[in-house]
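Any read-out appearing in this document is the output of simple, stated calculations on the displayed coordinates, not a laboratory observation. A quick note: this is a predicted structure, and the numbers were derived from the prediction, not measured. Cβ placement follows ideal geometry from the backbone for every residue including glycine, while neighbour counts extend to all protein chains displayed.
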Amino acid sequence: DDERTANVTPNGLSATVEAVAAGTTTLHFTVGKVSASCTVTVSKAEEPKPDPKPEPLEPDDLGDIEIMPGSIVLNAGDRCQFRLQAEPEGVPLPTLQWSVTDGTSVVKILRAEDGSCWIDTLKPGGATLTVTTGDFKAEALISVK
């Protein structure tokens, strides 16, 4: 009855009903001497709600740290950059303390900034590069040929 609520497109013995607007209407069908009717109610679709923004990560959210690469073989005289990988990704890092805790005569730290540390290799041997922050500690093993 109300074309403002639904449009009907007949197709032989069937029909396609398209919702137009919220409301209720009665559809009438006749085929030969047979008639039928049905009531159709169209409800307004709810507006999709945006996904809530995740809470920003805080330094206290830090779950684990790892130095990448975790181990490496270099030649004497090489320079290498190590990166800190933190979990969860994107967590702000508290102050980092980089140090060579074993093999101080084998490698030396050039500089450390923004979650990275650059080292120079001095002579053959083994060394351990360590980074600490709060209660977390990670190590990388360095072998120099």
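For the range 64-144, what is one quarter of the convex hull surface built on the Cα atoms, given in nm²?
Directional mean of the projected Cα hull area for the range 64-144 stands at 4.6 nm².
Can you tell me the length gained on complete extension of the stretch TRP118 to CYS38, counting 0.36 nm per residue apart and subtracting the Cα distance? Don't jump to the answer; show the numbers that get you there.
Values: separation 80, 0.36 × 80 = 28.80 nm, distance 7.67 nm.
Full-extension gain reported as 21.1 nm.
For the range 14-26, what does the Karplus curve 6.51 cos²θ - 1.76 cosθ + 1.60, with θ = phi - 60°, yield as ³J(HN,Hα) per residue in whole Hz, taken in order and with x for Gly and Pro?
10, 8, 9, 10, 10, 5, 10, 7, 4, x, 10, 9, 10
Give the shape of the chain as rounded, prolate or oblate, defined through the alpha-carbon gyration tensor: a ≥ b ≥ c are the square roots of its eigenvalues, a/c under 1.5 means rounded, and otherwise the shape is prolate if a/b is larger than b/c and oblate if not. Could the numbers behind the result be given before it?
Values: a/c = 7.36, a/b = 4.15, b/c = 1.77.
Taking the square roots of the gyration eigenvalues as a ≥ b ≥ c, the chain is prolate.
Taking the alpha-carbon distance from LYS137 and a cut-off under 30 Å, which lysines remain once sequence neighbours fewer than 8 residues away in the same chain are dropped?
LYS108, LYS123, LYS145
From the backbone phi of the range 75-92, what are the Karplus-calculated ³J(HN,Hα) couplings (6.51 cos²θ - 1.76 cosθ + 1.60, θ = phi - 60°) in whole Hz, Gly and Pro given as x?
Couplings: 9, 4, x, 6, 10, 9, 9, 10, 10, 8, 10, 10, 10, x, 4, x, 5, x Hz.
Can you list the residues of the range 107-144 with backbone N under 17 Å from a point 7 Å past the Cα of ARG79, pointing along Cα to Cβ?
107-114, 116-123
Could you give me the ³J(HN,Hα) list for the range 115-132, computed from phi with Karplus coefficients 6.51, -1.76, 1.60 and θ = phi - 60°, whole Hz, x at Gly and Pro?
Karplus-based 3J(HN,Hα) across the range 115-132 equals x, 10, 9, 10, 10, 10, 8, 9, 7, x, x, x, 8, 10, 9, 10, 10, 10 Hz.
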